[in-house]
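Let me give you the structure first, and then I'll get to my questions.
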Amino acid sequence: MRRVIDKYPANETVVETPPAVAQYSVDLGEVLDDKYPDSHDQVYEHARHTHEEMFHILDRGVGPIRPSKHPAGSQGTLVEDERDVLDVLHSREQDRLLRIVGDVGVGKSTFLMHLRSSHFSTELFGKPIVFFMDWIDFTASTKDPIPEVHNRFSQCIFGEFEKHFGPDALKELDLNVFAEDRIFAVERGIANTVPADEMAETRTRLISKSMELQPKDFALARLRTLGMENRNAAVLIFDNVDHLPSSVFDSLIAFLIEVQKSTPFLVVVAVRDHSDKRFSTYDSSKIVPGWHMRLRAPNMQL
């Protein structure tokens, strides 16, 4: 089941929401809970439509919607697509996923690189570390692509951390991972049983072992630890995924959703329409709340 609503919440409309529009504010979480035993968060798919496009068949008298929830003038000369990304970045929702959808050649990759070089490096966007994962040259076994997917992801995450952190800072981060993250719950118990003078060596050995034996889990743990105090300390971008064979694509998307729900950061993925449809299937074991933003033509400030 899907709920498609206007991209601005009802409380941001200037006039009272008429009954014809109120139906779009139904909390589907309650409906879904009647069918599935587990509780669910609300399921969102924020469609990038104008107010008139969304509600013209119901009522044209709804009233204007504010262009952004950010203070007037704070966005400078941002165009609409850039403002959309900024709004998602500063949303309070958890498990943020932004799907940028568009036809071949419309400029999805160009737009993502533009965001990376011209906006994510600014104070307005919070200067997050951008983990940009390009899958254009990715190949994997169609029988079991998961190991290769995990390996590519881990290589990218470890590589970006090395670029942005010096050896001492990275060592301190990893010690915080050991002290705080759930993947080291058992190892912390082991470390507490050794003599005090052996504690540091034991921690170092257990951290190194985790990196070697479970690099994907350790990469996710690093991301969680990085985001403990700032949920916008990083942005994860997945680009050029449409060309992958069906089984590889499905494995990558399943893993992408794992990343979405395992880290505090915004996950951005660029896809074509036929790939985007594969995100929208709802079942009892998968929830993909997020934003759906359509690029119709190149639209950016260069």
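The values are calculated or read from the model by the stated rules, or taken from the named source; none is laboratory data. In this text, all values refer to a predicted model and were calculated from it rather than measured experimentally. With ideal geometry, Cβ positions are generated from the backbone for all residues, glycine too; neighbour counts draw on all protein chains shown.
Only residues that are in a helix (DSSP H, G or I) and over 19 Å from PHE131 (Cα atoms): list them for segment 258-279, please.
Once the filter is applied, which keeps residues that are in a helix (DSSP H, G or I) and over 19 Å from PHE131 (Cα atoms), segment 258-279 yields ASP273, HIS274, SER275, ASP276, LYS277, ARG278, PHE279.
Can you find even one residue in segment 112-121 that is of a type in the set (Phe, Trp, Tyr), at pLDDT 90 or above, buried (at least 16 other Cβ atoms within 10 Å of the Cβ) and under 19 Å from PHE255 (Cβ atoms)?
no
From ILE146, ILE65, ILE57, grab the single residue that is modelled with pLDDT under 80, more than 15 Å from ALA270 (Cα to Cα), touching a helix residue (DSSP H, G or I) at 6+ places or on another chain (Cβ under 7 Å) and surrounded by fewer than 19 Cβ atoms within 10 Å (Cβ to Cβ).
ILE65
SER141: hydroxyl-bearing (Ser, Thr, Tyr) and under 30 Å from ASP87 (Cα atoms), yes or no?
Considered against the rule, which asks whether it is hydroxyl-bearing (Ser, Thr, Tyr) and under 30 Å from ASP87 (Cα atoms), SER141 comes out as no.
Can you tell me which residue in segment 195-237 is surrounded by the most Cβ atoms within 10 Å (Cβ to Cβ), limited to those that are in contact (Cβ under 8 Å) with a residue 24 or more places away in the chain and among the charged types (D, E, K, R)?
Per the criteria, the residue is ARG222.
Name the residue, out of PHE153, PHE158, PHE218, PHE249, that is of a type in the set (Phe, Trp, Tyr) and at pLDDT below 95.
Exactly one of PHE153, PHE158, PHE218, PHE249 is of a type in the set (Phe, Trp, Tyr) and at pLDDT below 95, namely PHE249.
From (1) at pLDDT below 90; (2) surrounded by fewer than 17 Cβ atoms within 10 Å (Cβ to Cβ), pick out the condition that doesn't hold for ASP81.
Checking ASP81 against (1) at pLDDT below 90; (2) surrounded by fewer than 17 Cβ atoms within 10 Å (Cβ to Cβ), the one that fails is (2).
I'm trying to understand the selection: among the residues of segment 127-143, which are surrounded by fewer than 17 Cβ atoms within 10 Å (Cβ to Cβ) and either in contact with a Gly (Cβ under 7 Å, 6 or more places away or on another chain) or within 16 Å of ALA234 (Cβ to Cβ) (or both)?
Of everything in segment 127-143, just one residue is surrounded by fewer than 17 Cβ atoms within 10 Å (Cβ to Cβ) and either in contact with a Gly (Cβ under 7 Å, 6 or more places away or on another chain) or within 16 Å of ALA234 (Cβ to Cβ) (or both), namely LYS127.
Does segment 253-260 contain at least one residue that is over 27 Å from ARG96 (Cα atoms) and in contact (Cβ under 8 Å) with a residue 60 or more places away in the chain?
no
Would you confirm whether or not segment 164-174 contains a residue that is crowded, with 18+ Cβ neighbours inside 10 Å and touching a residue at least 24 places away in the same chain (Cβ under 8 Å)?
Scanning segment 164-174, I find at least one residue that is crowded, with 18+ Cβ neighbours inside 10 Å and touching a residue at least 24 places away in the same chain (Cβ under 8 Å), so the answer is yes.
Among the residues of segment 178-236, count how many are of a type outside the set (Gly, Ala, Ser), in contact with a strand residue (DSSP E or B) (Cβ under 9 Å, 6 or more places away or on another chain) and closer than 18 Å to CYS156 by Cβ.
Selection size over segment 178-236: 4.
Within segment 249-257, does at least one residue satisfy the condition of being in a helix (DSSP H, G or I), polar (S, T, N, Q) and surrounded by fewer than 21 Cβ atoms within 10 Å (Cβ to Cβ)?
No, there is no match, as no residue in segment 249-257 is in a helix (DSSP H, G or I), polar (S, T, N, Q) and surrounded by fewer than 21 Cβ atoms within 10 Å (Cβ to Cβ).
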